[in-house]
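Note sheet for the following structure.
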């Protein structure tokens, strides 16, 4: 027996026990409302989605083609529409997640206005967005099931038993729009206790996976900008443990932690690590510092000195008080960060790179996997990369190495539109197309995400609409450029009243008031113009 049939029987038993005051209560209507509200709390969501990610990780270990993907979002409606579109085009949400970008929250959801990705936005804004996203995804479930319930009623009224059975099967096997969210907790928004408190809010809102970076919280920079400052491993690992304790306290035992290293582009540290014994984490961290050997006579007032291999050395210190790492150690530090993060309990890794190249990611992950063979990576397919230029240059360089004639191309001008239809551009696009699959196969990348896609797509679509609508096309700019395309592509929100819950509200009115219900979906509802689409 399906869950909805179980609920019908359960409510029917409650109705019988309650007696005549419940005469107007329809057990099937109540069971339908339960089905449309499968997840009662954010913790229900977090537990459900954590299990999905764990299952997907196990499947990926068996088959590298089964990597997962997500797109970043900054509003519940945006996340909802992604999942509705995914179900429409692919029939399932399998291995498709959502990513919650701290950059996007800072730029679009702060009371201070647009901010850079430097942890200056309100701490609670991230948890609020997690909650908002799941509110919209749960409403997507309610809307889809509502349509099935109405279709079921019509089939019953028509006496079409076969159609009724088919629709009932769709209801019984309904796949939720609720999927895992990988949520960006930046550098923890303070010390380890602040990280723990923030993590609890995010988990209670529904986040099953938290991504944290090894930068100094009060010096945090976007991973694709200069000026990044990392912390010693002991500091970072305390925050990893704070996340784990938050998951365990709330009963989300499968909760996932993504440990991100920004060391590839971070040339600075705020602290010299504590060394307890030669060769420990702190000793290795300090070994990357840019130092000069000095004698006691060469020291000056205020100098910071450390002992290295029995010698006295002076780390290079900037006027800001920050210490500098040796040039060219970024890759080595990334590998060390990743190995130690897994030792400290991280489930997944994230390495920020300067450009998207399979071989660079593979080289680092090969080193990590010598120690942790199952180490899996989350990779940021960032809009901060100029993908077209980067892959055209990679193709140019590969062709040059192969001895192929590249005299028709200027490497410094490969972004030019004059090359858009060229053989080189076509070959570069082929590399971009397979980039995610190649990385997953070669570098064990479990999850690919684009941090800011809807930031860019919104800007592009609004630019096109403004150009047409306020220009010579007038209203045709909207009709041809937006509505007609919505209709042709079957975009759900062309019926925006339905999308906002009007039909769902009508269903409830009928549950409450029966034939006395005053419903919005009558003959004079202009949305009926879209009924045959």
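Please treat every number below as a calculation from the coordinates, not as lab data. The model shown is predicted, which means the values in this text are computed figures rather than measured ones. Every residue, glycine as well, gets a Cβ built from its backbone with ideal geometry; the counts of neighbours run over all protein chains shown.
Of note:
- Spin-label pair residue 398-residue 66: with each label point 7 Å from Cα along the Cα-Cβ axis, the two points sit 2.8 nm from one another.
- With contacts taken as Cα pairs under 8 Å at a separation of at least 6 residues, the chain carries a relative contact order of 15 percent.
- Under the criterion of Cα pairs below 8 Å and six or more residues apart, the relative contact order for segment 248-405 equals 27 percent.
- Förster radius 22 Å - calculated FRET efficiency between residue 299 and residue 218 (Cβ-Cβ, nearest 0.05): 0.15
- Within the chain, DSSP assigns beta bridges of which about 25% are antiparallel (rounded to the nearest 5).
- Sequence ranges 209-216, 258-265, 242-249, ranked by mean other-Cβ count within 10 angstrom, highest first: 209-216, 258-265, 242-249
- Principal-axis tilt of helix 76-90 within the chain, Cα atoms, nearest 10 degrees: 80 degrees
- At an R0 of 45 angstrom, the distance between the Cβ atoms of residue 272 and residue 248 translates into a FRET efficiency of 0.90.
- Packing here is the average count of other Cβ atoms within 10 Å per residue, and on that basis the peptides 488-496, 46-54, highest first, run 46-54, 488-496.
- The chain - mean residue ellipticity at 222 nm from DSSP helices (-39,500 (n - 2.57) per run, n ≥ 4, rounded to 500): -15500 deg cm²/dmol
- Estimated distance in nm for a label pair at residue 90 and residue 462, the labels positioned 7 Å out from Cα along Cα-to-Cβ: 2.8 nm
- Were the residues from residue 18 through residue 154 laid out at 0.36 nm apart, the gain over their Cα-Cα distance would be 45.9 nm.
- Take each peptide in 93-99, 392-398, 402-408, 178-184, count the other Cβ atoms within 10 Å of every residue, and average; sorted highest first, the result is 178-184, 93-99, 392-398, 402-408.
- Rounded to the nearest 10 degrees, the inclination of helix 161-172 to the longest alpha-carbon principal axis of the chain is 30 degrees.
- Computed with the Debye formula from one identical point scatterer per Cα of segment 33-153, without solvent, the log10 of I(q)/I(0) at q = 0.14, 0.21, 0.23 Å⁻¹ comes to -0.73, -1.25, -1.34.
- Each residue of segment 204-319 gets 139 Å³ once the volume of the Cα convex hull is shared out per residue.
- The fraction of all Cα pairs in segment 395-533 landing in successive 10 Å bins from 0 to the largest distance is 9, 19, 22, 21, 15, 8, 4, 1, 0, given as whole percents.
- Degrees separating the helix 330-343 axis from the principal Cα axis of the chain, which is the longest one: 60 degrees
- Segment 96-194 shape via C-alpha gyration tensor axes, a/c threshold 1.5: prolate
- As a calculated quantity, the FRET efficiency between residue 528 and residue 484 at R0 = 22 Å, using C-beta atoms, amounts to about 0.75.
- For residue 509 and residue 476, the difference between the fully extended length at 0.36 nm per residue and the C-alpha to C-alpha distance is 8.1 nm.
- Gap separating the Cα centres of segment 345-372 and segment 309-324, nearest whole Å: 28 Å
- Simple spin-label estimate for residue 173 and residue 312 in nanometres, 7 Å along Cα-Cβ: 7.8 nm
- Hydrodynamic radius (Kirkwood) for segment 1-69, which is based on Cα pairs only, to one decimal in Å: 15.0 Å
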